[in-house]
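Participant: This is the structure, below, for whatever I ask next.
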Amino acid sequence: MHSIDNRQSTIGNPQWLAERVTHSPEETVLFGREMAEYFRPPCLVLLEGDLGAGKTTLVKGIVAGLGVASEDDVTSPSFTLVHEYGSAASVYHADLYRIEGARDLATLGLEDLSSQAATVLIEWGEKLGDNAPIPCIKIRMEHLGSDDRRILIERVEA
Ligand code: ADP
Ligand code: MG
């Protein structure tokens, strides 16, 4: 079985690779679109932050930016666990909020990702715990108050 581990980031060093504060959901969606232009699959993105921090909103922009669905088609997979976008199932969007304990990607049915050149977006990525594969990037979102959100992006080297 191929492993998703040790994926190298191929996103280079874009300017957004640090911190951004957005002031509306629309701005967060636009930021997601901007980021997506730099993604070169296979690419794993772990999203962390409390409920309402804006993880799904950012994913809407990323998925739209990848050109596989419109932002309105992207909904939270908190009950369904995993959504697939794109005709070749090239983009996966998962939400581990309801998962108890640490899980690895294999239990999500995402084992074959490395052979698919997929982009994988995982909300509550911290729930992968010690099973976390090394991600391309880790995104942490914080609710600053009203419609302000801080978005911290960190590239994680393999
Ligand atoms: P999460 O997936 O982290 O639980 P969601 O993206 O589902 O969060 O929800 C974020 C909520 O906050 C949405 O209702 C969204 O409209 C609202 N919101 C307000 N301001 C922002 C912002 N700057 N960025 C993202 N979402 C925002
Ligand atoms: Mg969400």
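Participant: Condition check: at pLDDT 95 or above and either more than 15 Å from ligand 2 (Cβ to nearest atom) or closer than 23 Å to residue 27 by Cβ (or both). Does residue 150 satisfy that?
Facilitator: On the way: at pLDDT 95 or above: yes; either more than 15 Å from ligand 2 (Cβ to nearest atom) or closer than 23 Å to residue 27 by Cβ (or both): yes.
Against the criterion (at pLDDT 95 or above and either more than 15 Å from ligand 2 (Cβ to nearest atom) or closer than 23 Å to residue 27 by Cβ (or both)), residue 150 qualifies.
Participant: Taking only region 33-72 into account, find how many residues are over 13 Å from the mean Cα position of the chain (by Cα), within 13 Å of ligand 1 (Cβ to nearest atom) and of a type in the set (Gly, Ala, Ser).
Facilitator: The number of residues fulfilling the criteria is 2.
Participant: Within 9 Å of ligand 1 (Cβ to nearest atom) and at pLDDT 90 or above - does that describe any residue in region 103-122?
Facilitator: Quick first cut of region 103-122, residues within 9 Å of ligand 1 (Cβ to nearest atom) only: none.
No, region 103-122 contains no residue that is within 9 Å of ligand 1 (Cβ to nearest atom) and at pLDDT 90 or above.
Participant: I want to confirm something. Restricting to region 86-102 and keeping residues that are within 15 Å of the chain's Cα centre (by Cα) and within 16 Å of ligand 1 (Cβ to nearest atom), which single residue is surrounded by the most Cβ atoms within 10 Å (Cβ to Cβ)?
Facilitator: 93
Participant: Given the criterion more than 14 Å from residue 91 (Cα to Cα) and at pLDDT 90 or above, identify the matching residue among 50, 73.
Facilitator: Residue meeting the stated conditions: 50.
Participant: Just to be sure, is residue 45 within 16 Å of ligand 2 (Cβ to nearest atom) and modelled with pLDDT under 95?
Facilitator: Numbers: within 16 Å of ligand 2 (Cβ to nearest atom): yes; modelled with pLDDT under 95: yes.
Yes, satisfied.
Participant: State which residue pairs qualify: first residue over 12 Å from residue 55 (Cα atoms) and inside region 68-83, second residue assigned to a helix (DSSP H, G or I) and within 14 Å of ligand 2 (Cβ to nearest atom) in any location, beta carbons under 6 Å apart, and separation of 6 or more residues or different chains.
Facilitator: Sorted first by the residue in region 68-83, then by its partner, the pairs are 69/63; 71/29; 71/60.
The values are calculated or read from the model by the stated rules, or taken from the named source; none is laboratory data. Here the structure is a predicted model, which is why all the values come from computation and not from measurement. Counting neighbours? That spans all protein chains shown, and the Cβs are built from the backbone with ideal geometry, glycine included.
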